[in-house]
1. What pairs come up if the first residue lies in the range 480-491 and is on the phi < 0 side of the Ramachandran plot and without any contact (Cβ under 8 Å) to a residue 60 or more places away in the chain, the second is of a type in the set (A, V, I, L, M, F, W, C) and outside any helix (DSSP H, G or I), and their beta carbons are under 8 Å apart, counting only those six or more places apart or on different chains?
2. Given the criterion surrounded by 12 or more Cβ atoms within 10 Å (Cβ to Cβ) and among the aliphatic types (A, V, I, L, M), identify the matching residue among L72, L78.
3. Return the pair list, or none, for Cβ contacts closer than 7 Å from residues in the range 42-56 that are under 12 Å from K73 (Cα atoms) to residues that are crowded, with 18+ Cβ neighbours inside 10 Å and of a type in the set (D, E, K, R), at least 6 apart or on different chains.
4. Could you list all residues from the range 237-257 that are closer than 18 Å to Q212 by Cα and surrounded by fewer than 18 Cβ atoms within 10 Å (Cβ to Cβ)?
5. Among the residues of the range 209-237, write down those that are of a type in the set (A, V, I, L, M, F, W, C), farther than 17 Å from L251 by Cα and touching a residue at least 40 places away in the same chain (Cβ under 8 Å).
6. If you take just the strands (runs of 3 or more DSSP E) that sit entirely in the range 85-135, which of them hold at least 2 residues that are touching a residue at least 24 places away in the same chain (Cβ under 8 Å) and farther than 30 Å from F404 by Cβ?
7. Filtering the range 1-32 down to residues that are part of a loop (DSSP other than H, G, I, E, B) and more than 16 Å from Y179 (Cβ to Cβ), which residue is modelled with the highest pLDDT?
8. F77: aromatic (F, W, Y), over 25 Å from Y30 (Cα atoms) and either free of Cβ contacts under 8 Å to residues at least 12 places away in the same chain or touching a helix residue (DSSP H, G or I) at 6+ places or on another chain (Cβ under 9 Å) (or both), yes or no?
Amino acid sequence: MFDDYASKLDVDALISFLMEKEPDNEAYRYGILDQYIISQTMGNADQLRRLLQNNDTVLPPQTRQVLSHWALKPGFFLAFRIVERKKPELFEIADLLTDTHYLFCSPSLEMLQERRESRNVTYVTLMLDNGLCLQCAGLIHYNSLQADDIVFTCRMFDADLYAKDGLDGVLKKYPQALYYWDYLSFIPSITTQGKEMLIHMAYVDELSYDFQSPFWSIQSKDGATQYILEEADEDMVEKYGPSDLLEHPELLNFRIFQLKQHWLIFAFAADAFSLLCRIVGHPDTEPLYRLSVPLVMNLEQDYPMPWDPFKLAGDEKEVEPADKKEIDALNKVMAKYIEALNSGKQFEIEKEAHKAGVDVELVEEFIAQLHKTMAKYSYNVPEEEKQYELDGWPVPPGSQRKGFGDDLYDSSHFLLQEPRELIERFHGYTQDRYLQEVEEEGLFGFLEDRALEEFEDETLGYMSLNMLLWILLHLSDRPVLVRSIALEIFKLFPLFFRTYEFDEYVELLSRVVFKCFIQTSLCSVAERPRGEKRTRGLYTIQASPMLKALISPIH
(Lines give C-alpha, C1' and ligand atoms only; values in the text may rest on other atoms or scores of the structure.)
Protein backbone atom coordinates (compact mmCIF):
# COMPACT_ATOMS: atom_id res chain seq x y z
CA MET A 1 0.00 0.00 0.00
CA PHE A 2 2.83 2.39 0.92
CA ASP A 3 5.46 1.43 -1.65
CA ASP A 4 4.53 4.10 -4.20
CA TYR A 5 4.77 6.99 -1.75
CA ALA A 6 8.58 7.16 -1.48
CA SER A 7 10.56 8.23 -4.55
CA LYS A 8 12.46 5.29 -6.03
CA LEU A 9 15.31 7.64 -6.93
CA ASP A 10 15.59 8.83 -3.33
CA VAL A 11 15.32 5.28 -1.96
CA ASP A 12 18.07 4.06 -4.32
CA ALA A 13 20.30 6.99 -3.33
CA LEU A 14 19.78 6.20 0.36
CA ILE A 15 20.51 2.49 -0.17
CA SER A 16 23.69 3.36 -2.07
CA PHE A 17 24.82 5.74 0.69
CA LEU A 18 24.18 3.19 3.45
CA MET A 19 25.91 0.39 1.54
CA GLU A 20 28.99 2.58 1.26
CA LYS A 21 28.96 3.61 4.93
CA GLU A 22 27.70 0.43 6.63
CA PRO A 23 28.31 -2.50 4.25
CA ASP A 24 28.34 -5.08 7.07
CA ASN A 25 25.38 -3.81 9.10
CA GLU A 26 22.27 -4.97 7.30
CA ALA A 27 19.95 -4.46 10.29
CA TYR A 28 20.98 -0.81 10.59
CA ARG A 29 20.56 -0.20 6.84
CA TYR A 30 17.03 -1.63 6.88
CA GLY A 31 16.22 0.32 10.05
CA ILE A 32 17.13 3.65 8.41
CA LEU A 33 15.38 2.72 5.16
CA ASP A 34 12.16 1.62 6.89
CA GLN A 35 12.03 4.79 8.95
CA TYR A 36 12.58 6.91 5.84
CA ILE A 37 9.70 5.20 3.99
CA ILE A 38 7.41 5.63 7.01
CA SER A 39 8.34 9.33 7.14
CA GLN A 40 7.29 9.70 3.49
CA THR A 41 3.84 8.25 4.23
CA MET A 42 2.84 8.73 7.86
CA GLY A 43 4.78 11.98 7.94
CA ASN A 44 3.18 13.56 4.86
CA ALA A 45 -0.37 14.92 5.18
CA ASP A 46 -0.92 15.10 1.39
CA GLN A 47 0.26 11.52 0.92
CA LEU A 48 -1.99 10.30 3.73
CA ARG A 49 -5.03 12.06 2.24
CA ARG A 50 -4.23 10.56 -1.17
CA LEU A 51 -3.76 7.13 0.41
CA LEU A 52 -7.18 7.45 2.09
CA GLN A 53 -8.83 8.47 -1.19
CA ASN A 54 -7.18 5.69 -3.22
CA ASN A 55 -8.01 2.95 -0.70
CA ASP A 56 -11.28 4.22 0.78
CA THR A 57 -13.29 1.09 -0.08
CA VAL A 58 -10.76 -1.45 1.26
CA LEU A 59 -9.68 0.21 4.51
CA PRO A 60 -11.34 -1.04 7.73
CA PRO A 61 -13.13 1.77 9.65
CA GLN A 62 -10.62 1.74 12.52
CA THR A 63 -7.64 1.99 10.14
CA ARG A 64 -9.37 4.80 8.25
CA GLN A 65 -9.94 6.65 11.52
CA VAL A 66 -6.28 6.33 12.56
CA LEU A 67 -4.99 7.46 9.14
CA SER A 68 -7.43 10.40 9.14
CA HIS A 69 -6.05 11.45 12.53
CA TRP A 70 -2.48 11.28 11.19
CA ALA A 71 -3.49 13.24 8.09
CA LEU A 72 -4.35 16.07 10.51
CA LYS A 73 -1.27 15.42 12.68
CA PRO A 74 1.37 13.79 10.45
CA GLY A 75 4.45 12.12 11.90
CA PHE A 76 7.44 14.35 12.54
CA PHE A 77 11.10 13.95 13.41
CA LEU A 78 12.02 15.20 16.86
CA ALA A 79 15.34 15.68 18.66
CA PHE A 80 14.64 15.51 22.37
CA ARG A 81 15.90 14.98 25.90
CA ILE A 82 14.20 13.27 28.84
CA VAL A 83 12.70 15.62 31.42
CA GLU A 84 11.19 13.01 33.73
CA ARG A 85 10.36 9.31 33.78
CA LYS A 86 6.71 9.35 34.85
CA LYS A 87 6.46 5.58 35.18
CA PRO A 88 7.90 2.56 33.34
CA GLU A 89 7.87 3.26 29.57
CA LEU A 90 6.22 6.68 29.99
CA PHE A 91 8.35 9.82 29.82
CA GLU A 92 7.99 13.57 29.78
CA ILE A 93 10.37 14.78 27.07
CA ALA A 94 11.41 18.20 25.73
CA ASP A 95 12.21 19.24 22.17
CA LEU A 96 15.95 19.94 22.15
CA LEU A 97 15.51 22.94 19.84
CA THR A 98 12.29 24.59 21.11
CA ASP A 99 11.91 23.14 24.64
CA THR A 100 8.30 22.15 23.84
CA HIS A 101 7.25 19.36 26.23
CA TYR A 102 5.49 16.13 25.23
CA LEU A 103 4.35 12.89 26.83
CA PHE A 104 6.10 9.94 25.15
CA CYS A 105 5.31 6.24 25.62
CA SER A 106 8.18 3.99 24.54
CA PRO A 107 9.45 0.56 25.67
CA SER A 108 12.52 1.22 23.48
CA LEU A 109 13.44 4.40 25.36
CA GLU A 110 13.00 2.50 28.63
CA MET A 111 15.49 -0.12 27.42
CA LEU A 112 17.97 2.56 26.36
CA GLN A 113 18.16 3.73 29.99
CA GLU A 114 19.74 0.41 30.97
CA ARG A 115 23.10 1.26 29.38
CA ARG A 116 25.34 4.16 30.33
CA GLU A 117 26.09 5.26 26.76
CA SER A 118 22.38 5.57 25.91
CA ARG A 119 21.08 6.83 29.25
CA ASN A 120 19.85 10.46 29.46
CA VAL A 121 21.48 11.58 26.23
CA THR A 122 20.11 13.25 23.09
CA TYR A 123 17.56 11.20 21.13
CA VAL A 124 16.15 11.57 17.62
CA THR A 125 13.22 9.62 16.21
CA LEU A 126 10.13 9.81 14.01
CA MET A 127 7.14 10.58 16.21
CA LEU A 128 3.46 9.73 15.74
CA ASP A 129 0.68 11.31 17.80
CA ASN A 130 -1.82 8.65 18.94
CA GLY A 131 -4.19 11.16 20.52
CA LEU A 132 -3.00 10.50 24.07
CA CYS A 133 0.76 10.81 23.76
CA LEU A 134 3.58 10.42 21.26
CA GLN A 135 4.90 7.06 20.10
CA CYS A 136 7.87 6.41 17.86
CA ALA A 137 8.00 4.83 14.42
CA GLY A 138 11.22 2.91 13.89
CA LEU A 139 14.65 3.47 15.38
CA ILE A 140 15.39 5.76 18.30
CA HIS A 141 18.76 7.29 17.46
CA TYR A 142 20.92 8.47 20.35
CA ASN A 143 24.12 10.45 20.76
CA SER A 144 25.82 13.00 23.02
CA LEU A 145 25.23 15.94 20.67
CA GLN A 146 23.78 19.29 21.69
CA ALA A 147 21.33 21.64 19.98
CA ASP A 148 24.12 23.51 18.12
CA ASP A 149 25.33 20.24 16.57
CA ILE A 150 21.82 19.38 15.35
CA VAL A 151 21.21 22.85 13.92
CA PHE A 152 24.65 22.97 12.27
CA THR A 153 24.13 19.60 10.56
CA CYS A 154 20.67 20.57 9.30
CA ARG A 155 21.90 23.89 7.91
CA MET A 156 24.86 22.18 6.28
CA PHE A 157 22.54 19.80 4.41
CA ASP A 158 19.99 22.45 3.39
CA ALA A 159 19.91 25.85 5.12
CA ASP A 160 16.85 27.09 3.19
CA LEU A 161 14.85 23.94 3.95
CA TYR A 162 15.84 24.12 7.62
CA ALA A 163 14.69 27.75 7.81
CA LYS A 164 11.35 26.74 6.25
CA ASP A 165 10.58 23.31 7.76
CA GLY A 166 13.09 22.82 10.56
CA LEU A 167 14.65 19.52 11.63
CA ASP A 168 11.62 17.53 10.44
CA GLY A 169 11.86 18.86 6.90
CA VAL A 170 15.60 18.21 6.65
CA LEU A 171 15.47 14.62 7.94
CA LYS A 172 12.54 13.73 5.68
CA LYS A 173 14.55 14.88 2.67
CA TYR A 174 18.06 13.97 3.89
CA PRO A 175 17.83 10.85 6.10
CA GLN A 176 21.59 10.47 5.53
CA ALA A 177 22.08 13.04 8.30
CA LEU A 178 21.00 10.40 10.82
CA TYR A 179 24.04 8.29 9.94
CA TYR A 180 26.45 11.06 10.96
CA TRP A 181 24.74 11.34 14.34
CA ASP A 182 24.46 7.57 14.83
CA TYR A 183 28.17 7.23 14.04
CA LEU A 184 28.88 9.07 17.30
CA SER A 185 26.71 6.82 19.49
CA PHE A 186 29.70 4.91 20.84
CA ILE A 187 32.35 7.60 20.41
CA PRO A 188 33.03 9.48 23.66
CA SER A 189 33.44 13.23 23.62
CA ILE A 190 37.04 14.42 23.32
CA THR A 191 38.40 16.16 26.40
CA THR A 192 41.62 17.92 27.27
CA GLN A 193 42.65 19.45 30.60
CA GLY A 194 39.31 18.20 31.94
CA LYS A 195 37.30 20.19 29.39
CA GLU A 196 35.18 18.84 26.58
CA MET A 197 36.66 19.92 23.26
CA LEU A 198 34.00 21.77 21.27
CA ILE A 199 34.72 23.85 18.19
CA HIS A 200 33.84 27.45 19.02
CA MET A 201 33.85 29.80 16.04
CA ALA A 202 32.68 33.27 15.08
CA TYR A 203 33.10 35.65 12.15
CA VAL A 204 34.16 39.30 12.62
CA ASP A 205 34.53 41.99 9.95
CA GLU A 206 37.39 43.91 11.53
CA LEU A 207 40.39 42.84 13.55
CA SER A 208 43.37 44.95 14.54
CA TYR A 209 46.04 42.96 16.35
CA ASP A 210 49.79 42.63 16.04
CA PHE A 211 50.48 38.90 15.52
CA GLN A 212 54.12 38.66 16.56
CA SER A 213 56.40 35.82 15.51
CA PRO A 214 57.53 33.39 16.95
CA PHE A 215 54.63 33.44 19.40
CA TRP A 216 52.21 33.20 16.50
CA SER A 217 52.79 30.88 13.56
CA ILE A 218 51.76 32.82 10.44
CA GLN A 219 51.05 31.16 7.09
CA SER A 220 49.73 32.92 3.98
CA LYS A 221 48.74 31.60 0.59
CA ASP A 222 46.41 32.68 -2.23
CA GLY A 223 44.81 35.50 -0.24
CA ALA A 224 44.20 33.48 2.93
CA THR A 225 46.22 33.87 6.14
CA GLN A 226 46.23 31.65 9.20
CA TYR A 227 47.53 32.70 12.64
CA ILE A 228 48.15 29.96 15.22
CA LEU A 229 49.08 30.76 18.81
CA GLU A 230 52.15 28.63 19.54
CA GLU A 231 53.31 30.25 22.77
CA ALA A 232 52.07 33.05 25.02
CA ASP A 233 54.41 36.04 25.24
CA GLU A 234 55.21 37.78 28.55
CA ASP A 235 52.75 40.64 27.92
CA MET A 236 49.94 38.15 27.29
CA VAL A 237 50.65 36.24 30.51
CA GLU A 238 50.94 39.48 32.51
CA LYS A 239 47.68 40.86 31.09
CA TYR A 240 45.54 37.70 31.26
CA GLY A 241 47.31 35.85 34.04
CA PRO A 242 49.10 32.48 33.99
CA SER A 243 46.76 29.60 33.16
CA ASP A 244 46.68 26.13 31.63
CA LEU A 245 45.15 27.74 28.54
CA LEU A 246 48.23 29.87 27.88
CA GLU A 247 50.68 27.24 29.09
CA HIS A 248 49.56 24.76 26.40
CA PRO A 249 47.69 26.76 23.71
CA GLU A 250 48.35 24.04 21.12
CA LEU A 251 45.94 21.68 22.93
CA LEU A 252 42.99 24.01 22.40
CA ASN A 253 43.78 25.13 18.85
CA PHE A 254 43.85 28.93 19.20
CA ARG A 255 43.52 30.09 15.58
CA ILE A 256 42.59 33.18 13.60
CA PHE A 257 41.82 32.90 9.87
CA GLN A 258 41.74 35.87 7.49
CA LEU A 259 40.30 36.01 3.98
CA LYS A 260 40.38 39.54 2.54
CA GLN A 261 38.41 41.69 5.02
CA HIS A 262 36.75 38.76 6.79
CA TRP A 263 38.09 37.09 9.92
CA LEU A 264 37.27 33.83 11.66
CA ILE A 265 38.03 33.28 15.37
CA PHE A 266 38.43 29.60 16.20
CA ALA A 267 39.20 27.56 19.35
CA PHE A 268 38.43 24.17 20.90
CA ALA A 269 36.83 25.20 24.23
CA ALA A 270 34.57 27.91 25.63
CA ASP A 271 37.18 29.49 27.90
CA ALA A 272 39.83 29.26 25.17
CA PHE A 273 37.50 30.98 22.69
CA SER A 274 36.62 33.69 25.23
CA LEU A 275 40.29 34.31 25.99
CA LEU A 276 41.22 34.44 22.30
CA CYS A 277 38.45 36.99 21.65
CA ARG A 278 39.78 39.18 24.46
CA ILE A 279 43.36 38.87 23.19
CA VAL A 280 42.46 40.06 19.66
CA GLY A 281 40.14 42.85 20.83
CA HIS A 282 36.66 41.30 20.50
CA PRO A 283 35.78 40.54 24.15
CA ASP A 284 32.00 40.48 23.66
CA THR A 285 31.94 38.10 20.70
CA GLU A 286 29.65 35.11 21.13
CA PRO A 287 30.38 31.86 19.24
CA LEU A 288 28.19 31.23 16.23
CA TYR A 289 28.38 27.49 17.00
CA ARG A 290 29.67 25.15 19.69
CA LEU A 291 30.33 21.93 17.82
CA SER A 292 31.33 18.37 18.62
CA VAL A 293 34.83 17.73 17.27
CA PRO A 294 34.10 14.08 16.30
CA LEU A 295 30.93 15.21 14.47
CA VAL A 296 32.82 17.80 12.43
CA MET A 297 35.65 15.37 11.66
CA ASN A 298 33.07 12.88 10.36
CA LEU A 299 31.06 15.40 8.34
CA GLU A 300 34.02 17.13 6.70
CA GLN A 301 35.07 13.88 5.03
CA ASP A 302 31.98 14.17 2.81
CA TYR A 303 30.84 17.81 2.89
CA PRO A 304 32.47 21.26 2.70
CA MET A 305 32.57 23.11 6.01
CA PRO A 306 31.61 26.81 6.38
CA TRP A 307 35.21 27.70 7.22
CA ASP A 308 36.68 25.97 4.16
CA PRO A 309 37.11 29.27 2.22
CA PHE A 310 39.38 30.48 5.04
CA LYS A 311 41.72 27.51 4.75
CA LEU A 312 44.95 28.05 2.89
CA ALA A 313 44.20 27.40 -0.78
CA GLY A 314 46.42 24.69 -2.21
CA ASP A 315 47.58 23.77 1.30
CA GLU A 316 46.88 20.11 0.67
CA LYS A 317 48.32 18.33 -2.33
CA GLU A 318 45.91 16.50 -4.54
CA VAL A 319 46.18 12.76 -4.14
CA GLU A 320 46.86 10.77 -7.25
CA PRO A 321 44.53 7.78 -7.79
CA ALA A 322 47.37 5.31 -7.25
CA ASP A 323 48.38 7.08 -4.04
CA LYS A 324 44.76 7.10 -2.90
CA LYS A 325 44.57 3.31 -3.29
CA GLU A 326 47.67 2.90 -1.13
CA ILE A 327 46.31 5.33 1.47
CA ASP A 328 42.98 3.47 1.56
CA ALA A 329 44.82 0.16 2.00
CA LEU A 330 47.00 1.64 4.74
CA ASN A 331 43.92 3.01 6.50
CA LYS A 332 42.37 -0.47 6.48
CA VAL A 333 45.51 -2.02 7.98
CA MET A 334 45.64 0.67 10.68
CA ALA A 335 41.94 0.17 11.44
CA LYS A 336 42.62 -3.56 11.96
CA TYR A 337 45.61 -2.71 14.16
CA ILE A 338 43.57 -0.35 16.35
CA GLU A 339 40.82 -2.97 16.63
CA ALA A 340 43.40 -5.57 17.73
CA LEU A 341 44.93 -3.08 20.16
CA ASN A 342 41.56 -2.30 21.70
CA SER A 343 40.55 -5.94 22.03
CA GLY A 344 43.93 -7.09 23.35
CA LYS A 345 44.55 -9.41 20.40
CA GLN A 346 47.85 -10.05 18.63
CA PHE A 347 48.48 -8.28 15.33
CA GLU A 348 50.86 -9.70 12.71
CA ILE A 349 52.21 -6.62 10.96
CA GLU A 350 53.97 -8.37 8.07
CA LYS A 351 51.04 -10.66 7.33
CA GLU A 352 48.46 -7.84 7.34
CA ALA A 353 50.70 -5.49 5.34
CA HIS A 354 51.34 -8.10 2.63
CA LYS A 355 47.66 -9.00 2.51
CA ALA A 356 46.74 -5.33 1.89
CA GLY A 357 49.64 -4.74 -0.51
CA VAL A 358 51.24 -2.08 1.71
CA ASP A 359 54.93 -1.63 2.50
CA VAL A 360 55.73 -3.22 5.89
CA GLU A 361 58.07 -0.39 6.94
CA LEU A 362 55.35 2.16 6.20
CA VAL A 363 52.90 0.30 8.46
CA GLU A 364 55.54 0.06 11.21
CA GLU A 365 56.22 3.79 10.88
CA PHE A 366 52.51 4.63 11.21
CA ILE A 367 52.12 2.30 14.20
CA ALA A 368 55.11 3.96 15.91
CA GLN A 369 53.59 7.39 15.22
CA LEU A 370 50.25 6.22 16.61
CA HIS A 371 51.89 5.14 19.86
CA LYS A 372 53.75 8.46 20.11
CA THR A 373 50.44 10.28 19.76
CA MET A 374 48.78 8.00 22.32
CA ALA A 375 51.65 8.62 24.74
CA LYS A 376 50.95 12.36 24.64
CA TYR A 377 47.47 11.70 25.99
CA SER A 378 48.48 9.00 28.49
CA TYR A 379 49.35 9.53 32.13
CA ASN A 380 53.11 9.67 32.58
CA VAL A 381 53.76 8.01 35.95
CA PRO A 382 56.18 10.16 38.01
CA GLU A 383 59.33 8.40 39.17
CA GLU A 384 58.30 8.57 42.83
CA GLU A 385 54.97 6.86 42.10
CA LYS A 386 56.38 3.92 40.12
CA GLN A 387 56.92 1.96 43.35
CA TYR A 388 53.11 1.82 43.72
CA GLU A 389 52.36 0.24 40.33
CA LEU A 390 50.45 -3.06 40.49
CA ASP A 391 50.86 -6.25 38.52
CA GLY A 392 49.18 -9.64 38.56
CA TRP A 393 45.71 -8.42 37.57
CA PRO A 394 44.12 -8.57 34.08
CA VAL A 395 44.16 -5.10 32.52
CA PRO A 396 40.95 -4.80 30.47
CA PRO A 397 41.60 -4.11 26.76
CA GLY A 398 40.38 -0.84 25.25
CA SER A 399 37.28 -2.37 23.67
CA GLN A 400 36.00 -3.46 27.11
CA ARG A 401 36.78 -0.33 29.12
CA LYS A 402 33.65 1.62 28.23
CA GLY A 403 31.56 -0.98 30.09
CA PHE A 404 33.26 0.05 33.34
CA GLY A 405 31.13 3.20 33.22
CA ASP A 406 27.91 1.16 33.65
CA ASP A 407 26.16 0.65 36.95
CA LEU A 408 26.81 -2.71 38.59
CA TYR A 409 23.35 -4.18 38.01
CA ASP A 410 23.79 -3.65 34.24
CA SER A 411 27.47 -4.57 34.17
CA SER A 412 28.85 -7.11 31.72
CA HIS A 413 32.02 -7.40 33.86
CA PHE A 414 30.58 -8.75 37.11
CA LEU A 415 28.23 -11.48 38.29
CA LEU A 416 26.14 -10.26 41.24
CA GLN A 417 24.46 -12.50 43.80
CA GLU A 418 22.35 -11.11 46.63
CA PRO A 419 20.75 -14.10 48.40
CA ARG A 420 18.68 -13.21 51.45
CA GLU A 421 20.99 -15.02 53.87
CA LEU A 422 24.01 -12.97 52.74
CA ILE A 423 22.10 -9.70 52.93
CA GLU A 424 20.94 -10.58 56.47
CA ARG A 425 24.53 -11.39 57.42
CA PHE A 426 25.57 -7.99 56.00
CA HIS A 427 22.95 -6.29 58.19
CA GLY A 428 24.27 -8.25 61.16
CA TYR A 429 27.83 -7.03 60.56
CA THR A 430 26.63 -3.44 60.18
CA GLN A 431 24.06 -3.62 63.04
CA ASP A 432 21.18 -2.78 60.67
CA ARG A 433 22.68 0.68 60.09
CA TYR A 434 21.90 0.57 56.36
CA LEU A 435 18.75 -1.56 56.48
CA GLN A 436 16.38 0.94 54.83
CA GLU A 437 18.79 1.97 52.04
CA VAL A 438 19.60 -1.64 51.11
CA GLU A 439 15.90 -2.60 51.13
CA GLU A 440 15.10 0.29 48.77
CA GLU A 441 18.10 0.19 46.42
CA GLY A 442 19.58 -3.30 46.77
CA LEU A 443 23.02 -3.73 48.31
CA PHE A 444 24.96 -2.70 45.21
CA GLY A 445 22.60 0.17 44.48
CA PHE A 446 23.28 1.37 48.03
CA LEU A 447 27.06 1.12 47.49
CA GLU A 448 26.79 2.99 44.19
CA ASP A 449 24.81 5.82 45.80
CA ARG A 450 27.47 6.21 48.51
CA ALA A 451 30.29 6.20 45.94
CA LEU A 452 28.62 8.62 43.51
CA GLU A 453 28.11 11.18 46.30
CA GLU A 454 31.85 11.88 46.06
CA PHE A 455 31.87 12.60 42.32
CA GLU A 456 30.45 15.52 40.34
CA ASP A 457 30.55 13.35 37.22
CA GLU A 458 28.50 10.12 37.38
CA THR A 459 30.71 8.38 34.80
CA LEU A 460 33.85 8.95 36.89
CA GLY A 461 32.02 7.54 39.91
CA TYR A 462 30.93 4.36 38.15
CA MET A 463 34.38 3.86 36.59
CA SER A 464 36.07 4.27 39.98
CA LEU A 465 33.77 1.80 41.75
CA ASN A 466 33.93 -0.76 38.92
CA MET A 467 37.72 -0.62 38.64
CA LEU A 468 38.17 -0.70 42.41
CA LEU A 469 36.14 -3.92 42.55
CA TRP A 470 37.85 -5.36 39.45
CA ILE A 471 41.32 -4.97 40.97
CA LEU A 472 40.32 -6.00 44.51
CA LEU A 473 38.55 -9.17 43.37
CA HIS A 474 41.35 -10.24 41.03
CA LEU A 475 43.91 -9.69 43.79
CA SER A 476 41.69 -11.00 46.59
CA ASP A 477 44.43 -13.30 47.92
CA ARG A 478 46.46 -10.35 49.21
CA PRO A 479 46.12 -6.86 50.72
CA VAL A 480 46.30 -4.07 48.12
CA LEU A 481 47.44 -0.50 48.70
CA VAL A 482 44.67 2.03 47.98
CA ARG A 483 47.18 4.40 46.38
CA SER A 484 48.17 1.62 43.97
CA ILE A 485 44.54 1.08 42.93
CA ALA A 486 44.14 4.82 42.29
CA LEU A 487 47.34 4.84 40.22
CA GLU A 488 46.20 1.95 38.00
CA ILE A 489 42.83 3.67 37.38
CA PHE A 490 44.64 6.92 36.58
CA LYS A 491 46.86 5.12 34.04
CA LEU A 492 43.96 3.34 32.38
CA PHE A 493 41.47 6.18 31.85
CA PRO A 494 42.69 9.58 30.53
CA LEU A 495 39.45 11.14 31.77
CA PHE A 496 40.75 10.93 35.35
CA PHE A 497 44.10 12.68 34.91
CA ARG A 498 42.44 15.35 32.78
CA THR A 499 39.99 15.99 35.62
CA TYR A 500 42.04 15.56 38.80
CA GLU A 501 45.52 15.97 40.18
CA PHE A 502 46.71 12.52 41.25
CA ASP A 503 46.83 13.25 45.00
CA GLU A 504 43.37 14.81 44.77
CA TYR A 505 42.00 11.64 43.17
CA VAL A 506 43.73 9.37 45.71
CA GLU A 507 42.04 11.24 48.57
CA LEU A 508 38.68 11.03 46.79
CA LEU A 509 39.02 7.28 46.12
CA SER A 510 40.09 6.73 49.72
CA ARG A 511 36.84 8.34 50.89
CA VAL A 512 34.91 5.93 48.64
CA VAL A 513 36.86 2.97 50.05
CA PHE A 514 36.19 4.08 53.62
CA LYS A 515 32.44 4.69 53.11
CA CYS A 516 31.67 1.72 50.86
CA PHE A 517 34.03 -1.00 51.99
CA ILE A 518 35.56 -0.34 55.40
CA GLN A 519 32.49 0.98 57.23
CA THR A 520 30.42 -1.84 55.71
CA SER A 521 32.96 -4.60 56.57
CA LEU A 522 33.14 -5.61 52.88
CA CYS A 523 36.90 -5.15 53.01
CA SER A 524 39.32 -5.92 55.80
CA VAL A 525 42.09 -3.55 56.94
CA ALA A 526 45.11 -4.22 59.12
CA GLU A 527 44.35 -1.05 61.08
CA ARG A 528 41.81 1.75 60.70
CA PRO A 529 43.47 4.40 58.48
CA ARG A 530 43.75 7.92 59.87
CA GLY A 531 45.31 11.25 58.96
CA GLU A 532 47.85 11.34 56.14
CA LYS A 533 47.78 7.56 55.68
CA ARG A 534 44.10 7.81 54.83
CA THR A 535 44.23 10.90 52.60
CA ARG A 536 47.29 9.62 50.70
CA GLY A 537 45.92 6.08 50.35
CA LEU A 538 48.91 4.58 52.18
CA TYR A 539 47.00 1.70 53.71
CA THR A 540 45.95 -1.69 52.39
CA ILE A 541 42.55 -3.30 51.98
CA GLN A 542 41.52 -6.84 51.08
CA ALA A 543 38.22 -8.19 49.77
CA SER A 544 36.29 -9.96 52.54
CA PRO A 545 34.79 -13.44 52.04
CA MET A 546 31.35 -11.77 52.02
CA LEU A 547 32.31 -9.41 49.20
CA LYS A 548 33.68 -12.34 47.18
CA ALA A 549 30.43 -14.24 47.72
CA LEU A 550 28.32 -11.26 46.62
CA ILE A 551 30.20 -10.32 43.45
CA SER A 552 32.69 -12.00 41.15
CA PRO A 553 34.42 -10.73 38.00
CA ILE A 554 33.48 -12.22 34.63
CA HIS A 555 36.65 -13.11 32.74
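1. These pairs meet every condition: V482/L538; V482/I541.
2. Every option except L78 fails the conditions.
3. Filtered contacts from the range 42-56: G43/K172.
4. V237, E238, K239, Y240, E247, H248, E250
5. F211, A224, M236
6. Those strands (runs of 3 or more DSSP E) span 101-105, 122-129.
7. The extreme case among them is S7.
8. Criteria not met by F77.
The values are calculated or read from the model by the stated rules, or taken from the named source; none is laboratory data. The structure displayed is predicted, hence computed values, not measured ones. Because the Cβ atoms are built from the backbone with ideal geometry, glycine has one as well, and the counts that use them run over all protein chains shown.
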